[in-house]
Structures are given as structure tokens and as C-alpha cells.
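Below: the structure, in C-alpha cells.
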């Protein structure tokens, strides 16, 4: 019965905050977005549903969405992750320009709108602290999380109860089905190697783009003791800080960052 209460409460939350123009629902093909999208439909609130194409999502998830959620509209970024990588360098856990450029600020039409996402408090203390309603400065909009109080067990029980399809990657042991290349994978050698083995083409492209970026910033990296693109990439894989904050600030004065 506790899950039933959470579902009813989430439906009521959406109804109470429904804007005249309707919500924008963010859909990623992951388990949380599958559940929140179904709850939005149960609530009967006005909405549009979008997927931010990051250029890094697993092909299996892309295929899943095309098959089961053809109504979802795709938002394609002006530049791919690879184009940004050559320009801005590797993203880090602290400075995730990839999220800013490929997700949060990808659609100017979202400014001022109410955005519905599948964020849950038990995912991390940072998300719990952010609250159920939060402001997103990148997209200049407010974000609403109907399933904020759901646990992971609640999400899977909901999917099973409602017989909702989900990406097969979960059944293969992948706990997350988001970006194939991600700074949050770094430092976890077992998971990283699994990603590199499963999606080798992505990582080959990563190596090529990092090599191109390194050549453009070679003098800077050599000045802080990084002698090759391979060394830079290995440090990133290990989750190590490559440059001190003051060195990064100084480097950002260079021409590479002028259009970032």
C-alpha cells in the first residue's frame, strides 16, 4: 500500500502544479523516466515529452525508445559531445560541461517552463538536498520531480506492476543506462572496462578526440607535467585531477575557450 500512496501523491503533485501551457517532460529511456512519464499520463496533465540526444547514449537504449516510445520528440544539440570535447577538453565530476551543453541548455524553448524529471532523493545526498522543486540556471526554468520520494525498489515494483517495457541492459547487470562515456564512471575500473568492451567504438572515438584536443593544448599540458594524450586520458580514466584550479583558470584565458 505504501507504493500506492506514493503514486497517488505524485499524481496529485503534478495536478497541483500544472501550468496553463503544460509541462515539459524529460525522457531518457531509463527506468526512472519510464515511471515518471507513465505517472504524468496517469495524472492526465497537459504535457510535451522530449529526449535530449546526448550523442553518447547506448545504442540499445536508442533502439528501445524508437520501438516503445516513438511519440517522444528528440532535441539534438548544436554540437555533439565529440565536437565539444575537442573544444573544451574532458568533462569532470565537478565540471560537467557535457550536462550543461547537451542536456540542461539544449532547448531554448524550455526557458521559463516547468520541467518534469525522474529525479529521486535516494540517488544521492546532493539530489536530496536539491529538493523536489528546484531552479535550473542552465535552462532558466524550474524542475519538478514527482517521484522524488520513490526508492529504487519502488521504481522496479511500479514497472513490474504496470508491465512497462524497459531497456534490456538492466537485465544484463547495468545499473545505469545513461551516457556510455561519463566522468562518473572514471575511477571505477571494473565498470569502465565493461563499458570499453561493450561500446568500443565510442572509446576509440574518445581517444581520437582527446588526441586532437591535446595537440591544441600541448604546451599547457606539458607545462604541468602531462606529456601525451594517452597520459591525459589515463589520468581521466583513473578519476585523477590533471590540473589545479588556478591552472585551469589560467588556461581558460586561451583561445580554445573563447566560444565555450
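The values are calculated or read from the model by the stated rules, or taken from the named source; none is laboratory data. In this text the structure is predicted, and so the values were computed from the model without any measurement. Neighbour counts run over all protein chains shown; Cβ positions are idealised from the backbone, glycine included.
Tell me, which helices (runs of 4 or more DSSP H) lie completely within region 147-258 with 2 or more residues that are at pLDDT 95 or above and closer than 30 Å to residue 8 by Cα? Give the steps one after another, and end with the answer.
Numbers: elements: 152-162, 189-198, 200-216, 218-223, 229-237, 245-251.
Answer list for region 147-258: 152-162.
Yes or no, residue by residue, for (1) out of contact with any helix residue (DSSP H, G or I) (no Cβ under 9 Å at 6 or more places or on another chain); (2) more than 19 Å from residue 84 (Cα to Cα):
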| position | (1), (2) |
| --- | --- |
| 194 | yes, yes |
| 205 | no, no |
| 213 | no, no |
| 219 | yes, yes |
| 223 | no, yes |
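Applying the set (1) part of a helix (DSSP H, G or I); (2) over 29 Å from residue 179 (Cβ atoms); (3) touching a residue at least 24 places away in the same chain (Cβ under 8 Å) to residue 19 leaves exactly one unmet item: (1).
Inclusion of residue 59 among residues that are closer than 18 Å to residue 182 by Cα and touching a helix residue (DSSP H, G or I) at 6+ places or on another chain (Cβ under 8 Å) is not warranted.
Taking the criterion of being over 17 Å from the mean Cα position of the chain (by Cα) and either under 24 Å from residue 102 (Cβ atoms) or buried (at least 16 other Cβ atoms within 10 Å of the Cβ) (or both), the residues of region 158-167 that qualify are 158, 159, 166.
For region 117-139, what are the residues that are crowded, with 21+ Cβ neighbours inside 10 Å and in contact with a helix residue (DSSP H, G or I) (Cβ under 6 Å, 6 or more places away or on another chain)? Across region 117-139, the qualifying residues are 118, 119, 139. Can you find even one residue in region 185-199 that is over 15 Å from residue 62 (Cβ atoms), touching a residue at least 60 places away in the same chain (Cβ under 8 Å), under 20 Å from the mean Cα position of the chain (by Cα) and surrounded by 15 or more Cβ atoms within 10 Å (Cβ to Cβ)? Yes. Looking at region 213-230, can you tell me whether even one residue there is under 19 Å from the mean Cα position of the chain (by Cα) and crowded, with 18+ Cβ neighbours inside 10 Å? No; the residues of region 213-230 include none that is under 19 Å from the mean Cα position of the chain (by Cα) and crowded, with 18+ Cβ neighbours inside 10 Å. Looking at the structure I just gave you, is residue 3 over 25 Å from the mean Cα position of the chain (by Cα) and either within 26 Å of residue 175 (Cβ to Cβ) or part of a helix (DSSP H, G or I) (or both)? So residue 3 passes the test.
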